[in-house]
Structure formats: structure tokens, C-alpha cells
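Below is one structure, written out as C-alpha cells; comments come after it.
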Amino acid sequence: MPLASIHHVSYIYPDGTAALSDISFTIEHGEKIALIGNNGSGKSTLLYLLGALLLPSKGSISLEGIALSRTTKSALRKNVGMLFSQVEYQFIMPDCLNDVMLSIREGTKEERKEQAMQYLRHVNLDAYFNHNPLFLSSGQMKRAALASVLAKKPALLLLDEPLASLDKPSSRAVLDILTSHTIAMLFATHSRHAVESLAQRVIVLDGGCIVYDGSPKSRDAKKHFENILL
């Protein structure tokens, strides 16, 4: 059984804007998929649907066999980790350590503290455990948010422009973290480097529809890259 199934999904915003139209695909366990398309193609909307932040106007979405609905959306969110493009809005606590601890569900306070420190070490931020994440550099802030997301131990990781506004060293650091995990990932990006370094599969959106779904190495995929990726 696939990890996630998206079956004939459409989404229309309250103002009548049709963001997605008849989208169908599956995500396998451990699969890393790049989601690409020009601005306004529906990438973020699709991530929000899979993150159970929105409900489809038509069609169905399931994760680990649980169908998304108003009554199940909270349960599905527990199995999804989402990294927003503007990560500063993800932080709740005044320091990195406590922000990561919020994502850890089990154990005593001391056990959760130690687990949180392990995640901060994993993203090379353990020396900043008592720093306010909003005062970190862009690259450090991205890694701090990623530590909190990974601490949830999600079945599916959703990333919206994970390399946006990052310089080359910071981008490399984020990609190194992501490639070290076997978690299934769907990441929206305009970065050719992200696709080439991480993606096993590429889905291309255009006008809310899937126009390509397959290998990032195919000739058809590379034609799309020319018009979309930087």
C-alpha cells in the first residue's frame, strides 16, 4: 500500500480561484519527490492539502490508509511534518531547545530535552540551543525549523521552497540533512540543485494540473526544467 494516495483531487478557493484540477498520484514509503512549476501553478496548495491544512473540494486524499476529512485532519497532521517557505512563522517558543521539545510527544521532560538536543546536534545547532530562533541567520533558522519538524518523526515530510533565500553553504547544509533521512518527502522548489541532489521523481504542475510525473533524468523532465528551475 502506498504511503499516501491523492485521487482525482481538485481545490477551489472561496473566491472562486481554481488552484488544482483532477490531481492523482501516489507517494511510496521513503520516496523523495520534487514538485515543480511556475508561480501560481498550485504547488503550495497541494502541500497544504497533503498537510491536512486544507480539505479538497473534490476527490480524496489518504495517508497511511486514513482518509482525510474534517474528523480525521488532526490525526493526519500528526503524521506529517511541514516546513513552510517562511519558517519564521513556525516558531512558537523563545528558544530553539524548547521549540524542538514541543514536537516530541513521549518521555519525561529530561528525556524530551535530551532528544531535542540530539535533533539540534543533527542540524549542527546544539551550540544555539538557548538562542531565540528568530535572531538566527536565514540558514540557521531553516535548520532550526527543520529540527522541530524532524522531531515529530513524521511519516511524510512536506517542504515548501526549502532552499529559498539561502546561500550555497546553507543550501548544502539543508540538502545534507535531507539526504541523510529515509523519510518520504515531497518538496516544492525552483532550485535545479535541489532537484538534482535529492529528487528520485519529479511532478510538474502547470495551471493546477499534472503535466509530467516521472524520472528527473528523462528528456521530457529536462524540457520542463528549462522553463522553471533556476
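With contacts taken as Cα pairs under 8 Å at a separation of at least 6 residues, the chain carries a relative contact order of 27 percent.
Listed by chain and number, the lysines whose C-alpha is less than 16 Å from the C-alpha of Lys217, apart from same-chain residues fewer than 8 away, are Lys32. Sorting the segments 55-68, 145-158 by their mean number of nearby beta carbons within 10 angstrom, highest to lowest, gives 145-158, 55-68. Along its three principal directions, the equivalent ellipsoid of region 1-129 from the Cα gyration tensor extends over semi-axes of 32, 17, 14 Å, largest first.
Within region 85-230, the percentage of alpha carbon pairs spaced more than 18 angstrom apart rounds to 58%. Computed across region 98-179, the Kirkwood hydrodynamic radius from all distinct Cα-Cα pairs reaches 13.0 Å. Solvent-accessible surface of region 91-230, averaged per residue with a 1.4 angstrom probe and all protein chains in place: 49 square angstrom.
If one computes P(r) from the Cα atoms of region 184-230, what percent of pairs lie at distances over 13 Å? Counting pairs separated by more than 13 Å, the tail of P(r) holds 53 percent. Accessible surface of region 47-123, 1.4 Å probe: 49 percent of it comes from carbon and sulfur atoms.
Our estimate of slack between Glu110 and Ala18, defined as 0.36 nm per intervening residue step minus the Cα-Cα distance, is 28.3 nm.
The values are calculated or read from the model by the stated rules, or taken from the named source; none is laboratory data. Because the structure is predicted, anything quoted here is derived from the model rather than measured. Methodologically, a virtual Cβ is constructed for each residue, glycine included, from the backbone with ideal geometry; neighbour enumeration extends over all protein chains shown. Surface areas here come from the heavy atoms of the whole protein model, side chains and all, with no ligands, DNA or RNA. Shrake-Rupley method; radii C 1.70, N 1.55, O 1.52, S 1.80 Å.
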